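Asker: What follows is a single structure, and I will ask about it in a moment.
Please treat every number below as a calculation from the coordinates, not as lab data. Worth saying up front: this structure is predicted, and the values here are computed from it rather than measured. Neighbour counts are summed over all protein chains in view; Cβ atoms, including those assigned to glycine, are modelled from backbone coordinates with ideal geometry.
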Amino acid sequence: MTPILDNISKIVKLSSDEEQRLLSRLETKKFKAKSIILNAGEVCKYSYFVNSGLLRSFTINDHIVEHVLSFACEGWWIGDMYSLLSQKPGNLFVEVLEDAEVVLLSKENQEILYQEIPKLERFFRILTENSLVANQERLMDNLSLSAEERFEKFCKKYPTLIQKVPQKQIASYIGVTPEFFSKMKSRLLKK
Amino acid sequence: MKNTILHKANTRGHADHGWLNAHHTFSFASYYDPNRVQFGVLRVLNDDIVAAGMGFGTHPHDNMEIITIPLEGDLAHKDSMGNTEIIKFGDVQVMSAGTGIQHSEFNPNHDQRTNLLQIWVFPKERNVEPRYQQITLDTSDRHNKFQQILSPNSDDDGVWIHQDAWFHMGNLDAGTTVNYQRKLEGNGLYIFVIKGSVKVDGQQLEQRDGLGITDFDEVIFEATSDTELLLMEVPMLAN
């Protein structure tokens, strides 16, 4: 079973006819590490599903400072929700960190699929609900937890990411400078 | 074994905001290319054209060595340390942003544009005391030779910064050959052709091209036309 069908089957059951209908509206592309799939200033036309590899989304402030919004590894979705929904230019970059195979679902096709396979509306609704809960949690954590606590939570929640993602990017995701992150890591190792 | 990386002029990021026509050798603001982020500690090399009377309103910097070299016209600078200065062609300005500063930069003339190079280098040490320095150089001292415009040492030629970097400028007549010797082991050299054309160890470079060289001791420059060069020797990052 392809990773994306696997991902969907966890929430809704599609008939094989529906599966074929869905697959026909998806595009699969391979990207090399250090490629940019979405630039800030562009309109996001796709949701991206990662079959393999690693992606990240981030913004740039003060000309050169990167703020990581999210990571996506196998079985995860990523995109610029604001830009996708509004069809206005967004602020997010989506970059490939490790050679990846990515499934692209265009907003246009997604709308068509909602008509053709109503179950998919349920799937994306639940995906969006989960995402909302995760974002709520992350927002509250950023407001109330210390950097150490946020880092420990990150390690518990995403143990595979800790191995794959460069330190500098985890620091950015947690919301601290790389220098602070190094010092914090050594402190935590000593404990 | 020398390694080189070539950045042709037209591969630079470009943003034309009307009042500001900017070319970015390295990722900057909305120009982001993961393969063009930095050369060692050299993080930003911007080639900016600022329209008469226009400029950058007050904005902050921290933990960055910022070097400004006017190529054409003047630049009026005002900062939170109390410095109010005009820099012009022949001058070199540096700000060690350190713990933090704010500054504005404007083209003070109403009848001509300003073209400047702005260079950002990561400092060796974080959170230094912010400082400002501005010097005027005799450009004839860079005729057919390299004139040092920046170094790590306050008692050496040019401005100084909190980093083991040396910058030189050279105006070479067509047909002239000059060598550059590395100052510090491990440093790389980033060459920016301000004007003209030059062969660098045989590699032909044209106006506004950039070339990064690592694992070198000496580099040979052969001007194929009257050429103006900026050489930036900087520490490379362990990776």
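Asker: Once you average over the residues of A:33-42, how many Cβ atoms of partner chains fall within 10 Å of each Cβ?
Answerer: On the way: counts 1, 5, 3, 4, 0, 0, 4, 4, 4, 1.
Counting Cβ atoms of other protein chains within 10 Å of each residue's Cβ and averaging gives 3.
Asker: On a full-extension model of 0.36 nm per residue, what is the gain between A:D6 and A:R21, subtracting their alpha-carbon distance, rounded to one decimal in nm? Spell out each step's value before the answer.
Answerer: Details: separation 15, 0.36 × 15 = 5.40 nm, distance 1.54 nm.
Here the segment from A:D6 to A:R21 would lengthen by 3.9 nm.
Asker: Further, regarding this structure: Just the C-alpha atoms of the range B:139-235: what Rg/Rh do they give, with Rh taken as the Kirkwood radius?
Answerer: Details: Rg = 12.6 Å, Rh = 13.2 Å.
Result: Rg/Rh = 0.95.
Asker: Ranking request for peptides B:149-156, A:87-94: highest mean number of other beta-carbon atoms within 10 Å first, then the rest in descending order.
Answerer: A:87-94, B:149-156
Asker: Another question about this same structure. How big is the C-alpha Rg of the range B:46-202 next to the rule-of-thumb value 2.2 N^0.38 Å, as a ratio?
Answerer: Values: Rg = 16.1 Å, N = 157, 2.2 N^0.38 = 15.0 Å.
Ratio of Cα Rg to 2.2 N^0.38 Å: 1.07.
Asker: Students often get this wrong: which residues of the range A:49-73 have the backbone nitrogen under 20 Å from the point 7 angstrom along Cα-to-C-beta of B:A15?
Answerer: A:57-69
Asker: Using only the alpha carbons, work out the radius of gyration and Dmax of the protein assembly as shown in angstrom.
Answerer: Cα radius of gyration and Dmax of the protein assembly as shown are 25.3, 80 Å respectively.
Asker: Here's a follow-up. Would you compute, from DSSP H runs of 4+ residues alone, the mean residue ellipticity of chain A at 222 nm, taking -39500 (n - 2.57) per run and dividing by the full residue count, rounded to the nearest 500? Working shown, then result.
Answerer: Numbers: 9 runs with 95 residues, N = 191.
For chain A, the value works out to -15000 deg cm²/dmol.
Asker: Output the Cα-based Rg and Dmax of the range B:13-136 in Å, rounding Rg to one decimal and Dmax to a whole number.
Answerer: Gyration radius and largest Cα-Cα distance of the range B:13-136: 14.0, 41 Å.
Asker: Residues with beta-carbon under 10 Å from that of A:S52, excluding A:S52: net charge, scoring Lys, Arg +1 and Asp, Glu -1? Intermediate values should be presented prior to the final figure.
Answerer: On the way: positive: A:K30; negative: A:E74, A:E98, A:D99, A:E101.
Residues near A:S52 contribute -3 overall.
Asker: How high is the relative contact order of chain A, in percent, counting Cα pairs under 8 Å that sit 6 or more residues apart? Please list the in-between numbers first.
Answerer: Values: 274 pairs, mean separation 45.4, N = 191.
After rounding, I find 24 percent.
Asker: What whole-number distance in Å separates the alpha-carbon centres of the range B:121-147 and the range A:45-73?
Answerer: Between the Cα centre of the range B:121-147 and that of the range A:45-73, the gap is 37 Å.
Asker: What average number of partner chain Cβ atoms lie no more than 10 Å from the Cβ of the residues making up A:56-65? Walk me through the intermediate numbers first.
Answerer: Working: counts 0, 0, 1, 0, 6, 1, 5, 13, 11, 0.
That works out to 4 on average.
Asker: At R0 = 41 Å, how high is the FRET efficiency between B:K2 and B:D62 if r is their beta carbon distance? Nearest 0.05 is fine.
Answerer: Values: r = 35 Å, r/R0 = 0.85.
So, using R0 = 41 Å, E works out to roughly 0.70.
Asker: Over chain B, what is the mean sequence separation of C-alpha contacts under 8 Å (at least six apart), divided by residue count, expressed as relative contact order in percent? Spell out each step's value before the answer.
Answerer: Numbers: 670 pairs, mean separation 46.6, N = 239.
Once divided by the residue count of chain B, the mean separation gives 20 percent.
Asker: Related question: For the range B:186-239, how big is Rg over Rh, using alpha carbon atoms and the Kirkwood form of Rh? Display every interim value, and only then the final one.
Answerer: On the way: Rg = 11.3 Å, Rh = 11.4 Å.
We get a ratio of 0.99 for the range B:186-239.
Asker: In addition: If the viscosity is 0.890 mPa s and the temperature 25 °C, what Stokes-Einstein diffusion coefficient in µm²/s follows for the range A:3-118 when Rh is the Kirkwood radius over Cα pairs? Mind dumping the intermediate values first?
Answerer: Values: Rh = 14.8 Å.
In µm²/s, the coefficient is 166.
Asker: Within the range B:154-239, which trypsin sites (Lys or Arg not before Pro) sit in a loop by DSSP and count at most 15 neighbouring Cβ atoms inside 10 Å? Please list the in-between numbers first.
Answerer: Working: sites: B:R182, B:K183, B:K195, B:K199, B:R208; in loops: B:R182, B:K183, B:R208.
Filter output for the range B:154-239: B:K183.
Asker: Counting only other chains, what is the mean number of Cβ atoms within 10 angstrom of the Cβ of each residue in peptide B:22-34? Before the final figure, lay out each step's value.
Answerer: Working: counts 0, 0, 1, 0, 1, 5, 3, 7, 9, 5, 9, 4, 8.
Per-residue shielding by partner chains comes out at 4.
Asker: Further, regarding this structure: Find me the longest stretch of chain B that has none of the exposed GluC sites (Glu not before Pro), where exposed means in a DSSP loop (not H, G, I, E or B) with at most 11 other Cβ atoms within 10 Å.
Answerer: By the stated rule (loop sites, at most 11 other Cβ atoms within 10 Å), B:1-124.
Asker: If you don't mind, another one. By what distance, in whole Å, do the Cα atoms of the range B:149-197 stretch along each of the three principal axes, largest value first?
Answerer: Principal axes ranked by extent give 34, 22, 15 Å for the Cα atoms.
Asker: Expressed as a rounded percentage, what relative contact order does the range B:139-235 have, with Cα pairs under 8 Å and six or more residues apart? Don't jump to the answer; show the numbers that get you there.
Answerer: On the way: 246 pairs, mean separation 31.6, N = 97.
Worked out over the range B:139-235, it gives 33 percent.
Asker: Which residues in the range B:88-112 place their backbone N less than 18 Å from a point set 7 Å from the Cα of B:S154 along the Cα-to-Cβ direction?
Answerer: B:93-100
Asker: Tell me the GluC sites (Glu not before Pro) within the range A:25-121 that lie in a loop according to DSSP and have at most 13 other beta-carbon atoms within 10 Å.
Answerer: Working: sites: A:E27, A:E42, A:E66, A:E74, A:E95, A:E98, A:E101, A:E108, A:E111, A:E116, A:E121; in loops: A:E42, A:E74.
Within the range A:25-121, no GluC sites (Glu not before Pro) qualify (loop, at most 13 other Cβ atoms within 10 Å).
Asker: Within the range B:84-105, what residues put their amide N at less than 15 Å from the label point 7 Å along the Cα-to-Cβ vector of A:D62?
Answerer: Only B:96-103 pass the distance filter.
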